[in-house]
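Before any comments, here is the structure.
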Amino acid sequence: MIERGLTKQSLKILAGAAAMFFCGASAFATNGYFVNGFDPTQQAAAGAGLTEGDGPVSSAANPAVGIKMGNIAGGSASAFMPDRTATVGGAGPLTPGTYHSDNNLFFIPNGGINMLVDSKTSLGLTLVANGGMETRYEGNPFAGLGAGSTPLGVGLQQAFLSLNAARKLTDTLSVGAAPVLAVQSFQAYGLEAFKGSSSNPGAVTGNGNDWSVGCGARFGAVWDANRYVSVAAAYQTRMWMSRLSQYSGLFAGSGDFDVPPEVSVGLTLRPTSAVAVMLDWQRIFYSQVAAVGNTELVSPAANPLGASGGAGFGWQNMDVYHLGVKWAATDAWTLRAGYSHATQAFNPSEAEFNILAPGVITDHVSAGASYKLTRHWTVDAAYTHAFRNTVNGTANPYFGSTQPISLALSEENITLGASYRW
């Protein structure tokens, strides 16, 4: 009866997190449009900790840590505050000026539950958010190309529901897998200037939110070599999504906007029983999704927008390096800090389309803490600062301009969470 009651309470926590998500999920751009950790235990270490199972959604990064997570349920909410600016120089045809994106506060919830079936098996459910192309400019630099309403911008929201299973194969090796259901919505407005360069002019801009669904999978493993060293690896497949038909004239492949695959490797060193130093490497394969990875430097006459070879955002594969430290300072307090560095998503020559999605952040610092209120309840907090970064590039000559374009972005993120263990 006690276990049943605890499970019901845990499910209520997850249901609350799910309700928060569908009411408020929005963009969270850090590493391109992938997050730098899902919950505060991950974010406080700058996304490091692939070997660890500290929070209720740790298995969203590596399904194999479900065994370490134990019986836990909880959720978190992030206040994400990006500051985005695009500056266009020269005399035209792009309308010169400095443009600030107005939407600078988003709330992003996450939640999960994990349960031990026996001492060697766990099952869990996580609901997490991803995203990043969320801009709204009151001015429109593309109006100088002949058309362009205001505001100008795009909006992307993504949600991932995972059923995680982990199995302890030996005393030191655990593996895990998770089928993933993905849902995303997208909208664009103010892009009338590009209708004449599209294979489907009616499906470029101003068609409201369009939705697509899809699926993929995550796999992971953790090897605790000894009390001092742990190693982990995780892989997320491509998420095969249905087409965004309302924007089939904008995205290459007639609205095909899959979620790119990623791979991660992690190493954790424990010099003492209270201190862990975590170093992770992550690669996100943006170039494998044509809508994101295709170069914008193509002739619209030969490769119109929406065609398989149509212009994209020119994003390259991104490498992210995460370094985090956690310290169990007392029985109640655990402190965390971290730093991460990412390679640049695109070359300066791809700057024009990336006015819509200036994902130029490369460096984050973070800190946070967990506090055990009781034997069952823990509260977590994390703060992340993404240093302002600027990419100085040029407009696309295929659209009649080589004007200088400067894209700048900085971010702040505060995440609060709570979890219940039994």
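The values are calculated or read from the model by the stated rules, or taken from the named source; none is laboratory data. Bear in mind that the values here come from a model prediction, so they are computed numbers and not experimental data. Here the Cβ is made from the backbone with ideal geometry for all residues, glycine too, and neighbour counts use every protein chain on show.
Starting from residues that are among the aliphatic types (A, V, I, L, M) and surrounded by fewer than 21 Cβ atoms within 10 Å (Cβ to Cβ), keep the ones in the range 183-213 and report whichever is nearest to the chain's Cα centre (by Cα). The residue in question is Val183. Looking for whichever is over 29 Å from Val265 (Cα atoms) and in contact with a helix residue (DSSP H, G or I) (Cβ under 8 Å, 6 or more places away or on another chain) here; the options are Ala91, Ala165, Ala129, Ala147. Which one fits? On inspection, the qualifying residue turns out to be Ala147. Residue count for the range 279-293 satisfying the condition of being in contact with a Leu (Cβ under 7 Å, 6 or more places away or on another chain) and not acidic (Asp, Glu): 1.
Among residues of the range 387-405 that are in contact (Cβ under 8 Å) with a residue 60 or more places away in the chain and of a type outside the set (A, V, I, L, M, F, W, C), those with a beta-carbon under 8 Å from a residue that is assigned to a strand (DSSP E or B) and exposed (fewer than 14 other Cβ atoms within 10 Å of the Cβ) at least six positions away or on a different chain give the pairs Pro404/Asn392. Checked against (1) over 29 Å from Asp54 (Cα atoms); (2) without any contact (Cβ under 8 Å) to a residue 12 or more places away in the chain, Val117 passes all but condition (1). A count restricted to the range 294-324 and to residues that are assigned to a strand (DSSP E or B), under 25 Å from the mean Cα position of the chain (by Cα), hydrophobic (A, V, I, L, M, F, W, C) and buried (at least 21 other Cβ atoms within 10 Å of the Cβ) stands at 2.
Only one of the listed residues (Ala29, Ala17, Ala61) is closer than 29 Å to Ala328 by Cα, crowded, with 24+ Cβ neighbours inside 10 Å, modelled with pLDDT under 90 and not β-branched (Val, Ile, Thr). That residue is Ala17. When Ala408, Ala418 are screened for being in contact with a strand residue (DSSP E or B) (Cβ under 6 Å, 6 or more places away or on another chain), assigned to a strand (DSSP E or B) and under 29 Å from His341 (Cβ atoms), only Ala408 passes.
In the set (1) out of contact with any strand residue (DSSP E or B) (no Cβ under 9 Å at 6 or more places or on another chain); (2) buried (at least 21 other Cβ atoms within 10 Å of the Cβ), Val259 fails one condition alone, (1). The set of residues in the range 232-253 that are out of contact with any Pro (no Cβ under 8 Å at 6 or more places or on another chain) and either surrounded by fewer than 17 Cβ atoms within 10 Å (Cβ to Cβ) or free of Cβ contacts under 8 Å to residues at least 40 places away in the same chain (or both) comprises Trp240, Ser242, Arg243, Ser245.
Given the residues Val180, Val222, which is the only one that is touching a residue at least 12 places away in the same chain (Cβ under 8 Å), in contact with a strand residue (DSSP E or B) (Cβ under 6 Å, 6 or more places away or on another chain), within 13 Å of Ala60 (Cα to Cα) and not acidic (Asp, Glu)? Exactly one of Val180, Val222 is touching a residue at least 12 places away in the same chain (Cβ under 8 Å), in contact with a strand residue (DSSP E or B) (Cβ under 6 Å, 6 or more places away or on another chain), within 13 Å of Ala60 (Cα to Cα) and not acidic (Asp, Glu), namely Val180.
Any residue at all in the range 86-98 that is over 30 Å from Tyr398 (Cα atoms), in contact (Cβ under 8 Å) with a residue 40 or more places away in the chain and of a type in the set (A, V, I, L, M)? No: zero hits. For Ser340, indicate whether it is touching a His at 6+ places or on another chain (Cβ under 6 Å) and either over 30 Å from Phe194 (Cβ atoms) or part of a loop (DSSP other than H, G, I, E, B) (or both). Spelling it out, Ser340 is indeed touching a His at 6+ places or on another chain (Cβ under 6 Å) and either over 30 Å from Phe194 (Cβ atoms) or part of a loop (DSSP other than H, G, I, E, B) (or both).
Taken over the range 66-96, the criterion of being assigned to a strand (DSSP E or B), at pLDDT 95 or above and among the small types (Gly, Ala, Ser) is satisfied by Ala73, Gly74, Gly75, Ser76, Ala86. For the range 325-344, residues that are surrounded by fewer than 16 Cβ atoms within 10 Å (Cβ to Cβ) and either closer than 15 Å to Trp281 by Cα or within 16 Å of the chain's Cα centre (by Cα) (or both) total 2.
For every residue, the table says whether it meets (1) buried (at least 24 other Cβ atoms within 10 Å of the Cβ); (2) at pLDDT below 95; (3) touching a Ser or Thr at 6+ places or on another chain (Cβ under 7 Å).
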| site | (1), (2), (3) |
| --- | --- |
| Thr98 | no, no, yes |
| Val117 | no, no, no |
| Pro141 | yes, no, yes |
| Gln157 | yes, yes, yes |
